[in-house]
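So that we are looking at the same thing, I have put the structure below in structure tokens.
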Amino acid sequence: MTNILSFLTLINVINVHFYFVHGFPKSDVDNFYNGASYPFPYFTRDEWEADIPMNVKPLAKPVPYVVIHHTYIPSACNTSEECFRAMRSMQNYHNSLGWGDIGYNYCIGSMGGVYEGRGWNSIGIHAGRANNFSVGICLIGDWRVATPPEEMLETTKKLISVGVENGSISPVYKLVGHNQTMATECPGPALFNIISKWDHYTKEILKF
Ligand SMILES: [Zn+2]
């Protein structure tokens with residue numbers, strides 16, 4: 001009996017240690033919502049071998065805005081391996097700017113896979129003062145002239161729906177391009193032309 005008890009205590013100690021030292025096993029939580037799998041291929045930070053975030057501030061939810069970006073550089077990625085490399089290069093670059101992590105909350109590849117950035121719970125660095133009030137979604141590639149593949153656009157819509165369902169994004173959110181938060185060409189005229197026809201798009205120029 002004593003042996004069983006001490007064994008159980010040991011298991012508990014290990015669990016508590018895991019919880020506090022390593023945090024909740026994120027991939028188990030983020031792959032699912034409402035008990036169902038995400039309706040798109042989903043890749044966690046562990047999968048793209050992200051560095052540990054050094055800048056984590058809680059995002060007040062639900063956010064009223066969704067801000068859409070393109071990368072310009074890196075260029076479009078067409079396999080998960082290419083997208084993993086793109087994620088790592090963006091994180092390295094954003095770290096070099098002192099941002100403490102990749103700037104975006106989520107990124108999307110050309111095949112329609114979602115790559116976890118800062119996630120639903122952390123304030124991103126992608127749109128100036130709008131960071132505190134938005135989720136930043138980046139469609140990896142240069143979408144100034146070329147149009148993103150249909151899978152990528154469909155996944156973007158689905159990801160926003162998931163965010164609304166899980167309480168991260170307000171059901172009455174407003175959709176904007178990065179160019180509505182500051183002077184930039186992002187998300188590129190071709191992509192901007194597409195999102196400006198989507199539900200929830202607003203012409204508003206964001207000023208906080
Ligand atoms: Zn942008």
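Have a look at the DSSP beta bridges in region 31-195 and tell me what percent are antiparallel, nearest 5.
Working: 6 of 22 bridges.
Roughly 25 percent of the beta bridges in region 31-195 run antiparallel, per DSSP.
If R₀ is 25 angstrom, what is the calculated FRET efficiency for the pair TYR72 and MET182, using the beta carbon separation as r and rounding to 0.05?
On the way: r = 15 Å, r/R0 = 0.59.
Using R0 = 25 Å, I get an efficiency of 0.95.
Follow-up question, since we're still on this one. With 28 Å as the cut-off, how large is the P(r) tail for region 31-195, expressed as percent of Cα-Cα pairs?
Numbers: 1413 of 13530 pairs.
Within region 31-195, distances greater than 28 Å cover 10 percent of Cα pairs.
Continuing with this model, one more query. What nm distance separates the two modelled labels at TYR38 and ALA60, each placed 7 Å from Cα along Cα→Cβ?
In this crude label model, TYR38 to ALA60 measures out at 2.7 nm.
How would SER80, SER168 line up from fewest to most surrounding beta-carbon atoms within 10 angstrom? Write out the running numbers ahead of the final one.
Working: SER80 16, SER168 21.
Fewest-to-most ranking of SER80, SER168: SER80, SER168.
Check VAL63: other-chain or 5+ apart residues with amide H under 5 Å from its amide H, H built from backbone geometry?
ILE169, SER170
On full extension of the chain, what length is gained from SER89 through SER196, given 0.36 nm per residue of separation minus the C-alpha to C-alpha distance?
Values: separation 107, 0.36 × 107 = 38.52 nm, distance 2.89 nm.
Separation in residues times 0.36 nm, less the Cα-Cα distance, equals 35.6 nm.
Of the options SER161, TYR173, ALA50, report the single residue whose Cα projects farthest towards the positive end of the charge dipole of region 31-195 (beta-carbon charges: Lys, Arg +1; Asp, Glu -1).
TYR173
Also, I was wondering about something else. Using a 7 Å offset from the Cα along the Cα-to-Cβ direction at both GLU154 and ILE205, what is the distance between the two label points in nm, to one decimal?
For GLU154 paired with ILE205, the spin-label model returns 3.7 nm.
Still on this structure: Report ³J(HN,Hα) in whole Hz for each residue of region 150-167, in order, from the Karplus equation J = 6.51 cos²θ - 1.76 cosθ + 1.60 where θ = phi - 60°; Gly and Pro get x.
Running phi through 6.51 cos²θ - 1.76 cosθ + 1.60 with θ = phi - 60° gives 4, 4, 5, 5, 4, 5, 4, 5, 5, 4, 5, 4, 4, x, 5, 5, 8, x Hz.
How large is ³J(HN,Hα) for each residue in region 97-108, as worked out from phi by the Karplus curve 6.51 cos²θ - 1.76 cosθ + 1.60 (θ = phi - 60°), to whole Hz, x for Gly and Pro?
8, x, 7, x, 3, 4, x, 7, 6, 8, 10, 10
Just so you know, all these numbers are worked out from the coordinates, no wet-lab data involved. Being a predicted model, the structure only gives us computed values, none of them experimental. Note: ideal-geometry Cβ built from the backbone for every residue, glycine included; neighbour counts use all protein chains shown.
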